[in-house]
Every structure is written in structure tokens, then in C-alpha cells.
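To start, the structure under review is shown below, and the notes come after it.
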Amino acid sequence: MRSKTRPHGRVFWFMGRFCHSGRAEARYSRVMLGSTTDVSIRRARAADAGALVDIYRDSWRLAYRGIIPHLHLEMMIQRRGIEWWRSAARSGEGLLVLDVAGTLAGYATHGTARTKGPYRGEIYELYLAPTHQGLGLGEHLFEACRHRLDQRRLPGLIVWALVDNSAATSFYWRRGGRPVASTVDRIGGTHLEKVAFAWD
């Protein structure tokens, strides 16, 4: 059960509580970065495609090197070029980006859960550029996705992560998610176990 009730209107998660924003994008000062830094979470734009290519490539190599077979990992990365990201940005509201002082530092995708069950909302992907990991920024992307899913009246949240991706599984566990299902994917002859974390 969620421990906090989200207020109506535009909100963002900051320092353990929800705050209102009078602007179309959540913007606040990130004191934890060591200085007053302007941070915002907003819908992706087509112009973000180049930066998203870099974030996707670098974050996936860091997360999955030694887990997903090398050739298959590189093929997955190459499939998402600039045009792929431009199309994703134009397709709707399901792609959010994290902007830190004018530099894109991460992204998340979310929408209707891909599997039937009690959890109707899903965060498909959430990744930060390696240079911006370990600063608490992922929590803000996570909560922004949850708020968007609440706005769409999609109760219950599910997120899938590879069991061997310990950074991801630890992140979702700390956010209050608990395992509710598992499955195995086969990539390049390698069997990779996935676990589903869920929130009511």
C-alpha cells in the first residue's frame, strides 16, 4: 500500500515529499548535487534524440556488459538510433527525460502494463547516464512515472528487471517494490532470469 496520497495538480517528488509546481514541467533545485542545480523532468522532444542515443548506449553498456552477450547487446543498442528516438518522442506522453542544468541525464518510459493482472501501470525502462548515477536522481524519474500513471488512472505498478542487474533490483527494492513474478528470457543462447517488482 502506498504510504502517501498524491495531491491533485502538477507535482514532483522532492526530499521525501510531494511538492506542487506551477509550471508544465517539474523544476526544482537539487541541493544534493553539491550546489544549487536546476533539475527538471519533462516529456521528451524530438530534439532530445541525439542525447537519448548517448544515454541509452552508455547506460545499457554499463548495466548489461557481462550479462547480455556482447554482440546481442551491441545490436540492441544500434537499433535505437536518432530516428528511433525521434519517433518515440513524437509518439505520445510515455517518454520522460531528466534534465540537469540543461543537460539530459536520463530517461524513463511508462504506460499500460504489457501483461494482464492486478497491476495496470508499468515502467518499461528507467536509465540514467553513468555520470549522473548514484546521486538520487533515479527516484525522481520513478516518482514522475508513477504520478503520470496515476493521472491516467492505471492503478498498481509493475516493473521488470533482470535478476543479474543488481543495481536495478536494489533500486526497485529500496523504492518499496516486492517480487511478484519471474520469467526467463533467452538472448543469444543465454538464459536470463527476469523478476517483476510490484506496488499496489
May I ask you to verify whether ALA108 is surrounded by 13 or more Cβ atoms within 10 Å (Cβ to Cβ), farther than 25 Å from LEU192 by Cβ and in contact with a helix residue (DSSP H, G or I) (Cβ under 6 Å, 6 or more places away or on another chain)? no
Need a quick list: strands (runs of 3 or more DSSP E) entirely within segment 80-139 having at least 1 residues that are of a type in the set (Gly, Ala, Ser) and within 21 Å of PRO155 (Cβ to Cβ). 103-112, 121-128
Residue selected from segment 111-156 under the condition among the polar types (S, T, N, Q) and either surrounded by 14 or more Cβ atoms within 10 Å (Cβ to Cβ) or touching a residue at least 40 places away in the same chain (Cβ under 8 Å) (or both), by the criterion nearest to VAL195 (Cα to Cα): THR115
Quickly run through segment 27-71 and pick out the residues that are in a strand (DSSP E or B), over 15 Å from the mean Cα position of the chain (by Cα) and either modelled with pLDDT of 95 or more or aromatic (Phe, Trp, Tyr) (or both). TYR28, ARG65, ILE68
Top-ranked residue in segment 161-182 [being out of contact with any helix residue (DSSP H, G or I) (no Cβ under 9 Å at 6 or more places or on another chain) and without any contact (Cβ under 8 Å) to a residue 12 or more places away in the chain; ranked as nearest to ILE67 (Cα to Cα)]: SER166
Any idea which residue in segment 54-88 is nearest to LEU192 (Cα to Cα), counting only those that are among the small types (Gly, Ala, Ser) and buried (at least 16 other Cβ atoms within 10 Å of the Cβ)? ALA63
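The values are calculated or read from the model by the stated rules, or taken from the named source; none is laboratory data. None of these values were measured; they are calculated from a predicted model. We place every Cβ from the backbone using ideal geometry, glycine too, and count neighbours over all the protein chains shown.
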